[in-house]
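All of the numbers you see were taken from the coordinates with simple rules; none came from a lab. Computed from a predicted structure; not experimentally measured.
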Amino acid sequence: MDINTILSALANPVRLDILCWLKEPERHFQPQKDVAPPGGICVSHIREKTGLSQPTVSLYLSTLSRAGLVSSQRVGQWTYYRYEHEVAEAFLSALGERLLVDGSQ
């Protein structure tokens, strides 16, 4: 996990929105088809929610994926993305260790 890569990925407000939506997919998206992996949201639904073009959304998802914040799974012709909470938790913990004063200096 690279803190700088994750910070860069989160610096874009739309990418941050996408990540937040994927964190709670049942709240932000309609139920997916039976073939969808658990917690997975089809890229076409993400594109629809953002209102952006397919290439732009794919680029944003690729950035989040490189940061490790989302994972993808291809099912037939569809790609599903899901939030990787373990990576987000590790990132927040590492960031806290670097930035928070714990009084043990």
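Helices in the chain that qualify as membrane-span-like (whole DSSP H runs, Cα extent of at least 27 Å along the helix axis, mean Kyte-Doolittle hydropathy of 0.5 or higher) do not occur.
If the elastic network links every pair of Cα atoms under 10 Å, which of S93, S72, S44 fluctuates the most in the Gaussian network model of the chain? In the Gaussian network model the winner is S93. The mean sequence distance of close C-alpha pairs (under 8 Å, at least 6 residues apart), as a share of the length of the chain, puts its relative contact order at 30 percent.
Our helix-only sum for the chain, with -39,500 (n - 2.57) per DSSP H run of n ≥ 4 divided by its residues, gives a mean residue ellipticity at 222 nm of -16500 deg cm²/dmol.
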